[in-house]
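As structure tokens, the structure follows; a few thoughts come after it.
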Amino acid sequence: QVQLVESGGGLVQAGGSLRLSCSASGSTFANYIMGWFRQVPGKEREFVAAISWTIGRPYYPDSVKGRFTISRDKAMSTVYLQMDSLSPDDTAVYYCAAGRTVVEVASVSRYEYWGQGTQVTVSS
């Protein structure tokens, strides 16, 4: 019932910016945690950012803090990830996720729903 669809990925030069969108449907998402994760071949899925749907409190790992900004538009049922100062190390497939009862926002296992992902490629 819950569906998450990512968009906005593409090719960008190092130092540039990109804005990802996650269109969410199937729930009011009250009390949900919405997250962004990324994954490259041969590596585990990595936490990028999260936000509480109702309150809007953001969470970030040190790897993206100060460069990435997560936000949500409740009226549009959309979660955004604004990515600035991109580097080739940010190249990955980016996934949107949602969880009803998330107490550890960086843990993949705590999220119930996932989108299909959108490719972000940062060139040197």
Checklist entry - Looking at region 45-89, which of its residues are over 26 Å from Ser123 (Cα atoms) and among the acidic types (Asp, Glu)? => result Asp73
Checklist entry - Quick one: which strands (runs of 3 or more DSSP E) sit completely within region 1-103 and have at least 2 residues that are in contact with a Leu (Cβ under 9 Å, 6 or more places away or on another chain), among the β-branched types (Val, Ile, Thr) and modelled with pLDDT of 95 or more? => result 68-73
Next on the checklist: Can you tell me how many residues within region 102-124 are touching a residue at least 60 places away in the same chain (Cβ under 8 Å), of a type in the set (Val, Ile, Thr) and over 16 Å from Val40 (Cα atoms)?
Outcome noted: 2
Item to check | Test set (1) under 21 Å from Val103 (Cβ atoms); (2) surrounded by 15 or more Cβ atoms within 10 Å (Cβ to Cβ) - Gly8 fails condition number | outcome: (1)
Checklist entry - Only one residue in Gly99, Gly35, Gly56 is free of Cβ contacts under 8 Å to residues at least 40 places away in the same chain, over 15 Å from Gln119 (Cβ atoms) and open to solvent by less than 40 Å² (accessible area, probe 1.4 Å). Which one? => result Gly56
Item to check | Extreme residue, nearest to Gly35 (Cα to Cα), among residues of region 76-96 that are of a type outside the set (Ser, Thr, Tyr) and surrounded by fewer than 16 Cβ atoms within 10 Å (Cβ to Cβ) | outcome: Gln82
Next on the checklist: Just to check your reading of the model, which residue among Arg110, Arg38, Arg67, Arg57 is of a type in the set (D, E, K, R) and in contact with a Phe, Trp or Tyr (Cβ under 6 Å, 6 or more places away or on another chain)?
Outcome noted: Arg38
Item to check | Filter pass, Arg19 being among the basic types (Lys, Arg), over 23 Å from Ser124 (Cα atoms) and either open to solvent by 60 Å² or more (accessible area, probe 1.4 Å) or touching a Pro at 6+ places or on another chain (Cβ under 8 Å) (or both) | outcome: no
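Each row is one residue, and each column tells you yes or no for (1) surrounded by 15 or more Cβ atoms within 10 Å (Cβ to Cβ); (2) of a type in the set (A, V, I, L, M).
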position: Val40; (1), (2): no, yes
position: Val48; (1), (2): yes, yes
position: Ile70; (1), (2): yes, yes
position: Lys74; (1), (2): no, no
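The values are calculated or read from the model by the stated rules, or taken from the named source; none is laboratory data. Since the model is a prediction, treat every value here as computed from it, not as a measurement. Glycine also receives a Cβ, built like all others from the backbone with ideal geometry; neighbour counts cover every protein chain displayed. All accessible areas refer to the heavy atoms of the entire protein, side chains included, with ligands and DNA or RNA removed. Shrake-Rupley method; radii C 1.70, N 1.55, O 1.52, S 1.80 Å.
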